[in-house]
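The structure appears right after this line, and notes come after that.
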Amino acid sequence: MPRAIVNVPSQAKRGEIIEIKTLAAHPMETGFRRTQLGELIPRDIIRRFVCTYNGAEVFRVDLHPAMAANPLIAFTTVATESGTIAFQWAGDNGYAVTESASIRVE
Amino acid sequence: MTRDDGTLQRTRRRFLLETAALAGATGIVLPLAVEQSSATPASMHAAIRNVVGEAPLKKGKVKIDVPALIENGNAVPLTVSCESPMTQDDHVKAIHVFTEKNPQPDVVSAHLGPRAGRARLSTRVRLADTQTVLAIAQLSDGSFWSDSAEVVVTLSACLEEGLI
């Protein structure tokens, strides 16, 4: 079952820069490895990560096979208003996971 | 006696032939394992040109933070930050990371804007070999800034055999 963990502060002051940490459970199979029989293991990676703040995109990442397994993405955003910060991961073989966190801005 | 010798000769010849055939067979398999296409500094430059285009690549502003020596190349902590006021007029549009000797030069590309507050990306990457890691920041005024770091990798990623 695909899973992801996000770490977002539950409240912040208006205009404060908050740090967001995200972790998705995914093997990030590179497509360059072979089995002991010499067969190529097909690529299976997360290709895109998008973070939206109340519907507006604030951060987007394109991932390549050189990202480590269970990709960690940590970044910052400005706490502008109370609402929802949503996260989407999409990748090979129809991999799609969404996660969201609510934030209260004073 | 002579007949025995002949048989022995034949068996020996056959043994040698079989050994050679076997070596040939493994010889086909082994290069497959070694033949892993790897990015070269040239292909890294090509990948960089894809992003940067004809614009000059200047040193500075960006800071790449990665350990100089890493035991396990499967998960190398990497932080790229760029000095920028992150306002509507002057902000970092994108951060790209490239490697020299991984099977592919691209590692990660982050697209951000003034709402990020700070131009900073932390992640974990795979490094296939001791090599140079290069980070590029694309600013809103169209300029590109870079920083590179040399990383010594003891156990490399990507190329080990799977367990299937």
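Here the spin labels are modelled as points 7 Å beyond Cα on the Cα-Cβ line, and at residue A:81 and residue B:130 they lie 5.4 nm apart. Taking amide H positions as modeled 1.01 Å from N, with prolines and chain starts lacking one, the residues under 5 Å from residue B:131 and 5 or more places away or on another chain are B:151, B:153.
Protection proxy ranking for A:84-95, B:133-144, using the average of other Cβ atoms within 10 Å per residue and placing the highest first: B:133-144, A:84-95.
Taking amide H as placed 1.01 Å from N in the peptide plane, residue A:70 has its amide H under 5 Å from the amide H of A:26, A:28, each at least 5 places away in sequence or on another chain. Peptide A:74-86 is shielded by partner chain Cβ atoms: per residue, an average of 3 of them sit within 10 Å of its Cβ. Averaged over the residues of peptide A:33-44, the number of Cβ atoms from other protein chains lying within 10 Å of each residue's Cβ is 4.
Shielding by partners for peptide B:119-132, expressed as the average number of C-beta atoms from other protein chains within 10 Å of each residue's C-beta, is 4.
Averaging the sequence gap over all C-alpha pairs within less than 8 Å and six or more residues apart, then dividing by the number of residues, gives chain A a relative contact order of 34 percent.
Since every read-out is calculated from the coordinates, none of them should be taken as a lab result. All of these numbers come straight from a predicted model, not from anything done at the bench. Quick reminder, even Gly has a Cβ in these numbers, built from the backbone with ideal geometry, and neighbours come from all protein chains shown.
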